[in-house]
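Peer 1: Below are the structure tokens for one structure; questions will follow.
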Amino acid sequence: MNQPMPPQQPHYPQQQPGFQQPPPGYQQPPQQPAPQFPILVSTMNDVPGHRVARVFGEVAGLTVRSRGLGSNLAAGFRSLGGGEITEYTQLLYHSRHEAIMRMCQHAMSFGANGILAMRFDCNEIANTMSEVAAYGTAVLLEPADKA
């Protein structure tokens, strides 16, 4: 009856026009999770070529992660010299990914095949934990040419 949309493979250009090399001192964050999710997740309010057949409502995913003593010490020493704190960057990448996956599971429990208007909220708890919430609107998408 309703066929779920296949997962979208993200396309990242190898080089942007006018962008020849990263800024001095830039390092790619280590071990980023692959941005692949079981259903379509978009920050847009609509998907070109598709129409919203049904709105299920707001869905959310939440994770709270503690920064371990080791990474806190390493980050503390690194902050003395300035620059990016890669331990915290990695923590936030993984937290965002986990929050989106939980949001997708919440949406799929309603029968949704997409999430529109996705947003993040991030907070610190007691100076030792990071809370990341992903939320959006769970929808059933159909091709626009289907009546």
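The values are calculated or read from the model by the stated rules, or taken from the named source; none is laboratory data. Computed from a prediction, not measured in an experiment: that's the story for all the values here. Here the Cβ positions follow ideal geometry from the backbone for every residue, glycine too, while neighbour counts run over all protein chains shown.
Peer 1: Which of the residues that make up the stretch 104-125 are closer than 11 Å to Val55 by Cα and in a strand (DSSP E or B)? Give the derivation first.
Peer 2: Residues of the stretch 104-125 closer than 11 Å to Val55 by Cα: 107, 110-116.
Of everything in the stretch 104-125, those that are closer than 11 Å to Val55 by Cα and in a strand (DSSP E or B) turn out to be Gly114, Ile115, Leu116.
Peer 1: Now for a separate question. Only one of these conditions is not met by Leu91: (1) under 18 Å from the mean Cα position of the chain (by Cα); (2) aliphatic (A, V, I, L, M); (3) at pLDDT below 90; (4) surrounded by fewer than 17 Cβ atoms within 10 Å (Cβ to Cβ). Which number is it?
Peer 2: Checking Leu91 against (1) under 18 Å from the mean Cα position of the chain (by Cα); (2) aliphatic (A, V, I, L, M); (3) at pLDDT below 90; (4) surrounded by fewer than 17 Cβ atoms within 10 Å (Cβ to Cβ), the one that fails is (4).
Peer 1: Filter the stretch 126-145 down to residues that are in a strand (DSSP E or B), out of contact with any His (no Cβ under 8 Å at 6 or more places or on another chain) and modelled with pLDDT under 95, then give me how many there are. Explain how you work it out, then say what you get.
Peer 2: Within the stretch 126-145, the subset in a strand (DSSP E or B) is 129-143.
With the extra rule that they be out of contact with any His (no Cβ under 8 Å at 6 or more places or on another chain), the set shrinks to 129-137, 139-140.
Subsequent filtering for residues that are modelled with pLDDT under 95 retains 129-131.
Number satisfying all stated conditions: 3.
Peer 1: If only one of Met44, Met101 is part of a loop (DSSP other than H, G, I, E, B), modelled with pLDDT of 75 or more and either among the hydrophobic types (A, V, I, L, M, F, W, C) or more than 16 Å from the chain's Cα centre (by Cα) (or both), which one is it? Break it down into steps so the answer makes sense when it comes.
Peer 2: Values: Met101 fails: part of a loop (DSSP other than H, G, I, E, B).
After ruling out the rest, the residue left standing is Met44.
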